[in-house]
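Comments concern the structure below.
The values are calculated or read from the model by the stated rules, or taken from the named source; none is laboratory data. Given the structure is predicted, the values throughout are model-derived calculations rather than measurements. For neighbour counting, all protein chains shown are included, and Cβ atoms are generated from backbone atoms with ideal geometry for every residue, glycine included. Note: areas computed on protein heavy atoms with side chains; ligands, DNA, RNA excluded. Shrake-Rupley method; radii C 1.70, N 1.55, O 1.52, S 1.80 Å.
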Amino acid sequence: MINNNQITKVITDKSDYSADEIVLAAGSWSENYPKKMRLKLPIQAGKGYSINVPRPTGITHSCHFNGAKVAVTPMKEYTRFAGTMEFSGINEIIKKQRVEAIAKAVTEFLSGHRN
Ligand SMILES: Cc1cc2nc3c(=O)[nH]c(=O)nc-3n(C[C@H](O)[C@H](O)[C@H](O)COP(=O)(O)OP(=O)(O)OC[C@H]3O[C@@H](n4cnc5c(N)ncnc54)[C@H](O)[C@@H]3O)c2cc1C
């Protein structure tokens with residue numbers, strides 16, 4: 001509920017909550033709500049891409065492939081190769097070329113054939 005351009009109450013399916021201040025913490029989806037409330041908040045979701053490799057890679061430390069902007073994280077059951085920050089709104093569109101760029105960088109760096 002908004003009064004005088006201020007949120008005065010949050011109405012949910014469980015209960016209504018009044019507060020002096022409200023924290024909007026809906027993660028990537030946060031940008032959806034100000035619009036609905038006709039509030040202006042300069043916030044937008046960023047989409048990252050990652051490839052999880054579920055076989056032993058021998059990688060035991062987090063690192064970063066400089067230049068390729070790919071971050072490498074050894075997880076419990078896989079190694080994650082991640083990169084990219086795409087601002088294209090909230091959607092489930094996966095751009096093939098972005099995935100391929102990460103795969104190419106991983107292949108080049110780990111094979112030692114990076115130019
Ligand atoms: C695959 C992946 C890997 C990542 N790896 C890392 C990493 O290794 N290190 C790192 O630091 N960060 C990582 N991140 C980023 C990290 O997860 C986020 O930065 C962090 O979770 C953001 O926290 P948050 O509390 O702002 O949002 P979130 O954790 O996204 O929490 C928002 C919550 O709001 C809820 N919500 C949204 N809308 C509504 C609604 N209408 N009603 C009720 N609930 C709602 C959602 O369900 C969610 O639980 C990764 C993200 C992804 C997707």
Which residues' amide hydrogens lie under 5 Å from the amide hydrogen of residue 47, considering only partners 5 or more residues apart or on another chain, with H built in the peptide plane? 86, 87, 88
Considering the alpha-carbon set of the chain alone, what are its Rg and its Dmax in angstrom? 20.5, 61
Under the Karplus relation with 6.51, -1.76 and 1.60 and θ = phi - 60°, whole-Hz ³J(HN,Hα) for region 5-20, x at Gly and Pro, equal 6, 10, 6, 10, 8, 10, 9, 10, 6, 9, 6, 9, 10, 9, 7, 6
State log₁₀ I(q)/I(0) for region 47-112 at q = 0.25 Å⁻¹ as given by the Debye formula over alpha-carbon point scatterers of equal weight, solvent excluded. -1.14
For the chain: relative contact order, % (alpha-carbon pairs under 8 angstrom, 6 or more apart): 20
Which angle from 0 to 90°, rounded to the nearest 10, does the C-alpha axis of helix 96-111 make with the longest principal axis of the chain? 40
Between their Cα atoms, which of 35/104; 40/69; 35/69; 69/95 are more than 27 Å away from each other? 35/104; 40/69; 35/69
Per-residue ellipticity at 222 nm for the chain, helices alone: DSSP H runs ≥ 4 residues times -39500 (n - 2.57), over residue total, nearest 500 deg cm²/dmol? -5500 deg cm²/dmol
Accessible surface of residue 31 - all protein chains present, 1.4 Å probe, nearest 10 Å²: 30
Cleavage-rule hits, trypsin sites (Lys or Arg not before Pro), region 28-79, DSSP coil, Cβ neighbours within 10 Å at most 10: 38, 40, 76
